[in-house]
1. Would the stretch 81-91 turn up any residue that is at pLDDT 95 or above and farther than 24 Å from V162 by Cα?
2. Being crowded, with 21+ Cβ neighbours inside 10 Å, under 26 Å from D292 (Cβ atoms) and not hydrophobic (A, V, I, L, M, F, W, C) is the filter here; which residues of the stretch 359-378 pass it?
3. Count, please, the residues in the stretch 322-360 that happen to be closer than 23 Å to Y421 by Cα, charged (D, E, K, R) and in contact (Cβ under 8 Å) with a residue 60 or more places away in the chain.
4. Looking only at residues in the stretch 272-294 that are among the aliphatic types (A, V, I, L, M) and touching a Lys or Arg at 6+ places or on another chain (Cβ under 8 Å), which one is nearest to F396 (Cα to Cα)?
5. Among residues belonging to the stretch 308-344 that are out of contact with any helix residue (DSSP H, G or I) (no Cβ under 8 Å at 6 or more places or on another chain) and acidic (D, E), point out the one that is surrounded by the fewest Cβ atoms within 10 Å (Cβ to Cβ).
6. I'd like to know if the stretch 243-266 contains one or more residues that are within 15 Å of H214 (Cβ to Cβ) and of a type in the set (S, T, N, Q).
7. Given the condition buried (at least 19 other Cβ atoms within 10 Å of the Cβ) and under 25 Å from D242 (Cα atoms), answer yes or no: does some residue in the stretch 387-396 qualify?
8. Is the stretch 68-82 home to any residue that is under 25 Å from L25 (Cβ atoms), small (G, A, S), exposed (fewer than 12 other Cβ atoms within 10 Å of the Cβ) and without any contact (Cβ under 8 Å) to a residue 40 or more places away in the chain?
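The values are calculated or read from the model by the stated rules, or taken from the named source; none is laboratory data. Computed from a prediction, not measured in an experiment: that's the story for all the values here. So basically every Cβ, Gly included, is an ideal-geometry build from the backbone, and we count neighbours across all protein chains shown.
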Amino acid sequence: MLAAGEILVLSGPPGSGKTTAAASLAAKLPKSVHLESDWFYRAISSGLIPPHTPAAGTQNDAIMDIATDAAIGYARAGLAVVWDGIVGPWYLDRVAERVAAAGIVLHYAVVRAPRDIALDRVTGRDQTAEVSGAEVMHHQFAALGDHERHVVSGGQPVEDIVDAVNRLLHDGRLRLVDVLQGGVANAGEVVRIGTEVRRPSNPNSPTIHRLLDHVRDAGFEGASQPIAVADGTERLVFVDGDVPIPPYPDWAQTDAVLASTAHLIRGLHDASAGFDQTGATWSRELIDRHADPAADEIVICHNDVCMENIVFRDGVAVALLDFDFAAPGRRAHDIAAFARMCVPIDDDEGAAQLGWRPTDRPRRLAVIADAYGLDSDQRSELLACLDDTIARGGEFVLRHVEAGEQAFIDMWDEMGGMARYDARRAYWSANRTLYEQAIAT
């Protein structure tokens, strides 16, 4: 069912049954609006150009923008918007860009009836109707390529059309624009438009895109494929799968999840070898401060492998997201950051804040060390890296709090401020020996 504050475009050629279905869909929702594109055409009292003709391009563009803004306005008011109109794939980028900029979820469905049924409906409701326009639009909707998955048959009773649309909505198959969840710094600003993800870029984004191209060329497919960086936005290919967010579901708390993620991080590190750092710039927020840049064992670390930055399929990690904090460093540094957040290395109260259930956490650290393939020296280095990152716990968030960034201020307050990190330090001090014993080879 369409949620309040979201938009569903129910499109299709004349006579498809979309208007009747849209009215029925909207009527079944507790707070909704049935928005018709035809309203905006009928509002032109003189000088209307037949929409299906080549001369109507500028007029149609303007009406599409006006209708999109109206849909956005209704959605912002908390209404579920069922937008009924002839919005073909040729207009989707225009509509999607506008809706994405507003941070609103957009779904797209095409109701398409067989040609003869559609034309009979057009002439049946208006004996004087000009069928040439309907013929043109029926042809335009006949082959939709990648958008065929959005098609619902209009050659069936209206309630069956409504049921089919609701099923596709439930399965997520109609989503065209999605505001992706997770993260703090870019919360609400990362959107999916079709097969692309668009997110705010930063001065290091060109380097990150070079890195992503490099590791893919080296055979590592566990990261987003970059498209471009321009005008303050980076564009990447969307990676389909499950991304757990707090409170973390049970399936995300298994040893298999930890092990597959450790394998994925190992793949990234191995593939990053040989990356040409000429002209590269990196974030220093989470960088490995103790790494020797000239050392042979230096790789490119992700530095922020938390659950919200991992894509899973069937409980197996398949991709890492959000490389904003990537930088050169030691393998153990990256593994320590991952372990701290995803074992997690924390007391029961702190872990429970994110939905982690009680477990044998030292054993889970051993799962990571074994799956990654850390040798004895690297395991000692892992403990030293954990000492460092836990000792400095809270510094990163506090910097952003002191800079006045509201999302971090809210998180800081919800977590209990520095007292939260002090409790983690006390836990680590009391239990470090257990972790050391667990990962001993």
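1. no
2. Correct list: Y372 only.
3. 5
4. Residues of the stretch 272-294 that are among the aliphatic types (A, V, I, L, M), as a first pass: 273, 280, 286-287, 291, 294.
In the following step, the residues that additionally are touching a Lys or Arg at 6+ places or on another chain (Cβ under 8 Å) were identified as 280, 291.
Details: A280: 23, A291: 19 Å.
The residue in question is A291.
5. Quick first cut of the stretch 308-344, residues out of contact with any helix residue (DSSP H, G or I) (no Cβ under 8 Å at 6 or more places or on another chain) only: 308-309, 311, 313-314, 325, 327-329.
Among the residues that remain, those that are also acidic (D, E) are: 308, 314.
Values: E308: 19, D314: 9.
Once the filter is applied, the top-ranked residue is D314.
6. No, the stretch 243-266 has no match at all.
7. No, because not a single residue in the stretch 387-396 is buried (at least 19 other Cβ atoms within 10 Å of the Cβ) and under 25 Å from D242 (Cα atoms).
8. At the first step, the residues of the stretch 68-82 found to be under 25 Å from L25 (Cβ atoms) are 68-82.
Next, from what is left, pick out any that are small (G, A, S): 70-71, 73, 75, 77-78, 80.
Remaining after also requiring exposed (fewer than 12 other Cβ atoms within 10 Å of the Cβ): 78.
Checking which are without any contact (Cβ under 8 Å) to a residue 40 or more places away in the chain leaves us with none.
No, every residue in the stretch 68-82 fails to be under 25 Å from L25 (Cβ atoms), small (G, A, S), exposed (fewer than 12 other Cβ atoms within 10 Å of the Cβ) and without any contact (Cβ under 8 Å) to a residue 40 or more places away in the chain.
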